C-alpha cells in the first residue's frame, strides 16, 4: 500500500460569494500521476493553487506528508508549478530561468549552472540555454518551464493545463515526454486539465470535478466505462445516455420504458425498484450496427445524421424516430465490412451487460 | 482608399505649425545666445561665446546650477520610489476605495502651481522645514511622483501576474521576488520615470521660488536676471537648460518605448 502524499480534508474555498471548492475530500498517493479534470470554473485550478499555497482554503485542512500546510507560505513549500501561461521570466535567458529557483534557495553559482544545464540537456533544449525567452517556440518554452520546476527536484510536480497552448502534434509528443519523466523520476504529478484525452492518456487516476465538487474519482477505464452520474457520463463524451422509468425488476435485470423504446439493463440487487426514474449509458464503441433488425432485446432503428473521421476511427451520429441522438464509434475498417446502406434505416443494438446504470 | 491630397497638405501644414510654435522660440533663444549684440534684434551681430564665458564665471549661476542638479537628482530618486510604491500597490492589491486612492495620488499636477507653491510654503514653515534645499526636493517629489507612478503602472500592467506567483512558487520570498522579478521587469520604466521627474524638477519655477529661501535654482536665477534688465546671459543659460531637459526626456522615451521588449541585463 503506497503512502498518501497529500490529503484534502473537508476543504472548502470561496471567493466572496462565489464558492470555488466545496467539501473536498481526497488523497494523492506517493508517486502517482493524478489528473484533475472538469469544465472551466469547476474549481480544478483553485485546488492546484491551494496545493501550492497560492490560495488558502476557507476551511478544512490540506496535509502534505502528514503535515498541515494551511499556514505554510508558498515559498516555503516544495511544490513547483508549471503554469498555463508558463510564466517564464522574460528578462532572463532560458538557463537563468531554470536557475531561478535554485538561486532563491541559495544554491551556489557553479552548482546552479551545472544542475540547470543538466535539465536543459535532459529535455533536449541545451542549445537554447543562452537564448531570450521571447525567441523560443511554444514547445521550447514549454520545456524550459518544465526544467525550471524539475530542477528543484520536488517530490510532487503541479501542472496547470501546461499543454493547452501547444499545437495538436506537439501535445501528443509532450504527453509521452511527461509520462516518461514521471515514471523515470518516480515523483507525483498533479495534472489539471479540461482535456479528456490528456487526462486519460497519462493519468493513473482521474478526479472529475463539477461546480466545486468531486463528481468521480477513478482510473480512466472506470470513469469511461462506469461513469458515476450523468455529469460524468456527459462530460466524458462519446456516450449514449437513455433515461426512463423502471417498469419491472426481475433478478438482476430491469426493464426501462424510455421515449426511445423499452430496454433491459443489468442491475445490482436493490439498485433500482419499480417506477424509479433511471438513466443508463452505453459507450459509443459498444454499440453494434446492422442493416436488418437484429435478434436482440435492446434495439433502436436510426437514421444517419453525420459521420466524423479521426484517423482509423469513425464516429457516426444517428437519430431515432423520437429524435434522440445516438453516437456509435468503430474502426473504419469494421464499418466498411458491414456494407451498410447509409441512406436506409440502420439498427443499433447492444448487450445488456454493456449498459451501465447511472447513480443520481 | 484614395488619398486626399488636400487633407494631406492640411495635416502636414498643421504638424509643421505645431513644431514651429514649440521650437521657434527655443531656436531663436539658442541663436541669440551666440550673438555678440546685447539686444535680441535682427540683423544679428557677430558670432560670440561671450555670454557663455560670462555665466561660467558667475559664481551665483554656478551655485544655482549645482542646486538644480542636486534637487532634480534627489527628486528623481524620491519621486520614482514613491511612484513605484503606489504603482505596485495598485498592481498587487485590491481594496475598498481604490478608485479614490488612485485619484488622490494623481491629483497634484492638476492643482495650479501657484496655489500648490503657496500651500507648501505655509505648510513647510509651519513644520519648520522651509527655506532649505531639501524643501524643494520634498515639494518636487510630491509634484512629480504621479508621473513616475503613471509610467511604472503602465509597465506593471503589461506583466503577467503569474510571474510574481511563479517566483514565490520557486522559493522566492516577497522581498527576493521584488528584487529579482518585479524590479528587473520594471527597470526600463523606472529609468524612464527617473529621467522624466528629473526633467520636470529641473525646469520647475513656481514652487522652487516659493520654498527655496536663499537656495536658488536655475529657473529662479533666470527670473532674477530678466527682472533687472535684458541680458543675453539668459539665452546661454536657457540653452543649457534646454539641452539637459531634452536629453532627459529623450532618454525617458528611449527607455520606455525602445527597451521594453529587449532584454535588460540583471
Requested in this report: Please average, across the residues of A:73-84, the number of beta carbons from any other chain that are within 10 Å of each residue's own beta carbon, and give a whole number.
Outcome: 4
Query raised in the report: Just from its helices, what would the mean residue ellipticity at 222 nm be for chain A, if runs of 4 or more DSSP H residues each count -39500 (n - 2.57) and the sum is divided by every residue, rounded to the nearest 500 deg cm²/dmol?
Result: -7500 deg cm²/dmol
Report task. Calculate, axis by axis, the spread of Cα positions in the protein assembly as shown along the three principal axes, and write the results as whole Å, longest axis first. Result -> 118, 68, 50
Requested in this report: Quick one: pull the percentage of alpha-carbon pairs in segment A:132-252 with a separation above 24 Å.
Outcome: 41 percent
Query raised in the report: Can you sort A:224, B:52 so the residue with the fewest Cβ neighbours within 10 Å comes first?
Result: B:52, A:224
Report summary line: Projected area averaged over all directions for the convex hull of the alpha carbon atoms of segment B:50-265, nm², comes out at 14.5 nm²
Query - Ranked B:77, A:11, B:115, criterion: other C-beta atoms within 10 Å, fewest first - result: B:115, B:77, A:11
**Report entry** Fraction in percent of alpha-carbon pairs per bin - 20 Å, chain A
**Finding:** 26, 46, 24, 4
Query raised in the report: In degrees from 0 to 90, rounded to the nearest 10, what is the angle of the helix B:233-253 Cα long axis to the longest principal axis of chain B?
Result: 20 degrees
**Report entry** FRET efficiency, residue B:53 to residue B:113 (Cβ-Cβ, R0 56 Å, nearest 0.05)
**Finding:** 0.95
**Report entry** Listed residues B:24, B:150, B:65, most fluctuating in chain B (Gaussian network, C-alpha, under 10 Å)
**Finding:** B:24
Requested in this report: For a footprinting-style exposure proxy, rank B:247, A:79, A:258 by other Cβ within 10 Å, fewest first.
Outcome: B:247, A:258, A:79
Report summary line: Nearest-0.05 FRET efficiency for residue B:229 and residue B:27 at R0 = 22 Å, using Cβ-Cβ distance, is 0.40
Report task. Could you work out how far helix A:138-150 tilts from the main Cα principal axis of chain A, as a 0 to 90 degree angle to the nearest 10? Result -> 70 degrees
Query raised in the report: Label-point separation (nm) for residue B:157 and residue B:69, each offset 7 Å from Cα along Cα-to-Cβ?
Result: 3.7 nm
Requested in this report: Divide by every residue of chain B the summed helix terms, -39500 (n - 2.57) for each DSSP H run of at least 4, and state the resulting mean residue ellipticity at 222 nm, rounded to the nearest 500 deg cm²/dmol.
Outcome: -23500 deg cm²/dmol
Report summary line: Measuring from the longest principal axis of the C-alpha atoms of chain A, the long axis of helix A:94-104 (C-alpha) lies at a number of degrees, nearest 10, equal to 70 degrees
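The numbers here are math on the coordinates, done by the rules we state, and not lab data. These numbers were taken from a predicted model, which means no experiment stands behind them. Cβ coordinates were reconstructed from backbone atoms using ideal geometry, including for glycine residues, and neighbour counts include every protein chain displayed.
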